[in-house]
Amino acid sequence: VNFGGSVALGKDASLFLQLHGKDLTRAPMRVEYSVMTEKFLFQEPQIVFSDTIERLAVLPKSDLALQKKNELPVYTFATLSGDSHTVAVLIPLRAEKLPLRPLKLSLKITQGTSTATVEHAFRMIWPEMPASLRDIAFALEALRHITREEELDSLKSGTRETRLSHLEEFWKKKDPTPDTEYNDMMVEYYRRVDHTMRTFSSMRGFDGYKTDRGRIYILHGPPSRTERTLDPSQGYQEVWIYEGKNKKFKFVDRSKSGNYTLVGDARSR
């Protein structure tokens, strides 16, 4: 998919490199490359990933054609016509190791006595980033359900750059796949926060994550099934049943205003 030269976080990616020259053949090429962060906030540039490929296959007379598939712009391989001194290589980028930062690729490619070097700046982007993760202050505040008060106060202290570092370190410790930059646990957590903001917020503002239903949804996810009743004396009642966890939660809206409160705590059925 064409992201305007950027690479999507958590997606597989490769570099298509086209080379021109009368001395080029179909023999395999040697590729050395590294990806380095650009200076970002208070962080100095550092090498994120480097690799050497000793025998990379050459694609003769290859080019890329931009097409549309399901309304998305995508690239497909095309063959150059005529007598062309053009070849190409497809280099895996190991994008799963690249952070959400501005980056610079440095590459050296060799075939026989011919050598070429390339430098290319690009960015990692996250089109599907949860909305609640886009603001650092809110992303930290939304951790209230899985942190102690003193820990949360510590996470929320310092400059914007420091708080960003706190947020990244917090989730890095909980990452089930620490060798990759895409943290499934963090993504699921903030997707649940997004849902509570859309579904459970009151007229006072975006407070859905603070409500009892919001807290249970963030901690346990969507229930297996929901039972809703109207009791003339008790108001609206809503029971969330988690069959796989053998738990249920009962919420009551006595004022019939949409403000549901949890009756008791988690209970086994």
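The values are calculated or read from the model by the stated rules, or taken from the named source; none is laboratory data. Since the structure is predicted, the reported quantities are computational estimates derived from the model, not experimental observations. Backbone-built Cβ (ideal geometry, glycine too); neighbour counts: all protein chains shown. All accessible areas refer to the heavy atoms of the entire protein, side chains included, with ligands and DNA or RNA removed. Shrake-Rupley method; radii C 1.70, N 1.55, O 1.52, S 1.80 Å.
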If you average the sequence gap of Cα pairs under 8 Å that are 6 or more apart and divide by the length of the chain, what percent do you get for the contact order?
14 percent
Sorted by accessible area with a 1.4 angstrom probe, largest first, how do ILE241, ILE53, ILE47 fall?
ILE47, ILE53, ILE241
The chain: equivalent-ellipsoid semi-axes (sqrt of 5 x gyration tensor eigenvalues, Cα, Å)
51, 22, 15
Report relative contact order for the stretch 24-176 in percent, whole number only (criteria: Cα-Cα under 8 Å, sequence separation at least 6).
20 percent
Mind pulling the angle between the C-alpha long axis of helix 184-199 and the longest principal axis of the chain? Nearest 10 degrees, somewhere in 0 to 90.
50 degrees
Mind pulling the angle between the C-alpha long axis of helix 160-172 and the longest principal axis of the chain? Nearest 10 degrees, somewhere in 0 to 90.
90 degrees
Where the accessible area of the stretch 79-152 is counted over protein heavy atoms with a 1.4 Å probe, how much of it, in %, is carbon and sulfur?
50 percent
Can you tell me how the stretch 1-101 classifies by the Cα gyration tensor, rounded, prolate or oblate, using a/c under 1.5 as the rounded cut?
oblate
Quick check on packing: order 93-106, 155-168 by the mean number of other C-beta atoms within 10 Å, highest mean leading.
93-106, 155-168
Any chance you could count the Lys pairs in the stretch 151-269 whose alpha carbons are under 30 Å apart, treating pairs 8 or more apart or on different chains as valid?
24
Protein accessible area in the stretch 179-269, 1.4 Å probe - carbon and sulfur %
47 percent
Listed residues ASN246, GLY5, THR211: farthest to the positive end of the dipole of the chain (Cβ charges):
ASN246
If you place +1 on the Cβ of every Lys and Arg and -1 on the Cβ of every Asp and Glu, how big does the dipole about the Cα centre of the stretch 45-179 come out, in debye to the nearest 20?
220 debye
For a Förster distance of 30 Å, can you work out the FRET efficiency between the beta-carbons of GLU119 and GLU54, rounded to the nearest 0.05?
0.85
Mean residue ellipticity (222 nm) of the chain, computed from DSSP H runs ≥ 4 via -39,500 (n - 2.57), nearest 500
-5500 deg cm²/dmol
Just to verify a number: what accessible area does PHE49 come out at with the full protein assembly present, 1.4 Å probe, Å² rounded to tens?
30 Å²
Specify the residue with the greatest mean-square fluctuation among THR226, THR196, THR180, computed from a Gaussian network of the chain linking alpha-carbon atoms under 10 Å apart.
THR226
For the stretch 201-269, what value does the Rg/Rh ratio take when both radii are computed over Cα atoms and Rh is the Kirkwood radius, given to two decimals?
0.97
Counting only heavy atoms of the protein chains, get the accessible area per residue of the stretch 1-159 (1.4 Å probe) and round it to a whole Å² value.
59 Å²
With r as the distance between the Cβ atoms of ALA27 and GLN234 and R0 = 45 Å, compute the FRET efficiency 1/(1 + (r/R0)^6) and round to 0.05.
0.05
Relative to a virtual label point 7 Å from the Cα of THR180 in the Cα→beta-carbon direction, which members of the stretch 87-110 show backbone nitrogen distances below 20 Å?
91-101
